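The block underneath contains the structure these notes are about, expressed in structure tokens.
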Amino acid sequence: MFICTPDLGTPCDDISEFLSKNPHPDMCLFVVKKGFSTEQIWQQIHVLNEKTGKPTEEFKVVLPLGYEPKDFPFKSFTLEQLFNELDKVIELKQTTYTRSISSPQSEDQLDRIGKHTYTTVNVVLLGLAGTGKSASGNTILGRKHFVSKPSSNPVTTECQAEETEINDLHVRVIDTPDMFDDETEPSVRDKHVKRCKELYESELCVFVLVMHVSRFTDGERDILKKLENTFGTKVKEQTVILFTRGDDLEEADMTLEDFLHSCQPGLKEIIEKCNNRCVLFENRSSSSDQVEKLMNTVSTVLKKTAKID
Ligand SMILES: Nc1nc2c(ncn2[C@@H]2O[C@H](COP(=O)(O)OP(=O)(O)O)[C@@H](O)[C@H]2O)c(=O)[nH]1
Ligand SMILES: [Mg+2]
């Protein structure tokens, strides 16, 4: 489906209104005339960014015939490149996402997966401060990217993203500050939520609720409600619970199953609402098993939620 908007600068150019009907288009194309001014187009893209909240790179400039892409500040495509991009989008829609998220079975599948590495899966780490979101982000990335340390003050103060490839899947790990603390100013919280949504917008997304395995706090009792208020009522269908400090369980000679079996009713309810999708991490350990288990759980969520027309 193509949506053609009125010319920019006309009285009815309210693009946000058009986007509200289809908030996650596969592509936003910006068509320009021969002899366009790079500076003017860049300014207009900034206006679009402000109006829609979409990052500037989401607007792809379609170059007039005869133009070659060069070092423009914006993303630009010749018509030929644009058709290639469109082919990719169509192919992606026709191929079930599950192909790229399950292990390759054959050469043919490997080929297909190779083509699909541009499918980005966003893994959004959410939870209270100090639960180990940043440390878990680093474990998923396999490197220390996010600052994680003991502190009585929140260490992570802005949403941040870092990307990696895991089993042929392009994963964007989004680390967040505590967005559920009642003490936080609503305007600050809204700013974080907006930024977080910008980071994963229009792509596959799984929320990972990070919790300290041996500490279930009052602030976490209604965390699912807060999550729903922030990310919509369907959020629990897209949520995996990640318990950190797996060593605590090991020291007590307990498995995750033992823990889940004997945990508080409040926590049990949260887990059940998330369809018992739980994983255990020990961020001091570099074992890739834990990441593998998380990614398997992530893929079960994607298989359920990915819309394949
Ligand atoms: N022992 C242990 N410590 C952890 C684990 N995960 C996080 N931590 C520690 O908990 C503290 C807070 O972690 P951090 O990632 O900054 O929490 P965040 O505020 O949720 O991002 C840091 O000192 C981490 O080293 C874990 O799995 N095991
Ligand atoms: Mg942090």
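Run the quick spin-label model on LEU65 and HIS46: label points 7 Å from Cα toward the beta carbon, then report their separation in nm to one decimal.
According to this spin-label approximation, the distance is 3.4 nm.
Note down the accessible area of PHE231, probe 1.4 Å, to the nearest 10 Å².
30 Å²
Based on Cβ point charges of +1 for Lys and Arg and -1 for Asp and Glu, what charge dipole magnitude is obtained for the chain about its Cα centre, in debye rounded to the nearest 20?
So the dipole magnitude of the chain works out to roughly 440 debye.
Compare the peptides 52-64, 291-303 by average per-residue count of other Cβ atoms within 10 angstrom and give them in order, highest first.
291-303, 52-64
What figure in square angstrom, to the nearest 10, would you give for the accessible area of LYS34 with a 1.4 Å probe?
150 Å²
With both partners inside the chain, how many of the DSSP beta bridges are antiparallel, as a percent to the nearest 5?
Within the chain, antiparallel bridges account for around 20 percent of the total.
With a 1.4 Å probe and all protein chains kept in place, how much accessible area does ASP181 have, in Å² rounded to the nearest 10?
60 Å²
Length gain on complete extension for the stretch ASN275 to THR10, per 0.36 nm per residue less the alpha carbon to alpha carbon distance?
90.5 nm
When only the heavy atoms of the protein chains count and the probe is 1.4 Å, how do LEU79, LEU128, LEU65 rank by accessible area, highest first?
Listed by decreasing accessible area, they come as LEU65, LEU79, LEU128.
Mind checking which helices in the chain clear 15 Å along their axis (Cα) and have mean Kyte-Doolittle hydropathy of -0.5 or more, DSSP H runs only?
Span-like helices here: 79-94, 288-305.
What is the ratio of the Cα radius of gyration of region 103-262 to 2.2 N^0.38 Å, with N the residue count, to two decimals?
It is 1.12.
So between GLU203 and VAL147, what do we pick up on full extension, going 0.36 nm a residue minus the alpha carbon distance?
17.6 nm
Filter the cross-link list LYS75/LYS293; LYS70/LYS133; LYS133/LYS234; LYS54/LYS303; LYS60/LYS236 down to pairs whose alpha-carbon distance in this structure exceeds 30 Å.
Table pairs above 30 Å Cα-Cα are LYS75/LYS293; LYS70/LYS133; LYS60/LYS236.
Ignoring ligands, DNA and RNA, please state the percent of accessible area on the chain from carbon and sulfur, probe 1.4 Å.
Carbon and sulfur: 48 percent of the exposed surface of the chain.
I'd like to know which of SER287, GLN81, LEU169 lies farthest towards the positive end of the charge dipole of the chain, counting +1 on Cβ of Lys and Arg and -1 on Cβ of Asp and Glu.
GLN81
So, R0 is 35 Å and r is the distance between the beta-carbons of PHE36 and MET1; what FRET efficiency does that work out to, to 0.05?
Once rounded, the FRET efficiency stands at 0.85.
Rule-of-thumb check for the chain: C-alpha Rg over 2.2 N^0.38 Å?
Output field value: 1.11.
What residue among THR120, THR157, THR239 has the largest mean-square fluctuation in a Gaussian network model of the chain, using Cα springs under 10 Å?
Sorting by GNM fluctuation, first place goes to THR157.
Report, in deg cm²/dmol and to the nearest 500, the calculated mean residue ellipticity at 222 nm for the chain, where each DSSP H run with n ≥ 4 adds -39500 (n - 2.57) and the sum is divided by the residue count.
Value at 222 nm, helices only: -12000 deg cm²/dmol.
Report the charge-dipole magnitude of region 163-220 in Debye, nearest 20, computed about the Cα centre from +1 at each Lys and Arg Cβ and -1 at each Asp and Glu Cβ.
With Lys and Arg at +1 and Asp and Glu at -1, about 80 debye.
Order of 26-33, 207-214 by packing, highest average Cβ count within 10 Å first?
Packing order, densest peptide first, comes out as 207-214, 26-33.
FRET efficiency for MET27 and GLU165, Cβ-Cβ distance as r, R0 = 30 Å, nearest 0.05?
0.80
The values are calculated or read from the model by the stated rules, or taken from the named source; none is laboratory data. Just so it is clear, the model here is predicted, and its values are computed rather than measured. Backbone-built Cβ (ideal geometry, glycine too); neighbour counts: all protein chains shown. What goes into the accessible areas is simple: the full protein's heavy atoms, side chains included, and nothing from ligands, DNA or RNA. Shrake-Rupley method; radii C 1.70, N 1.55, O 1.52, S 1.80 Å.
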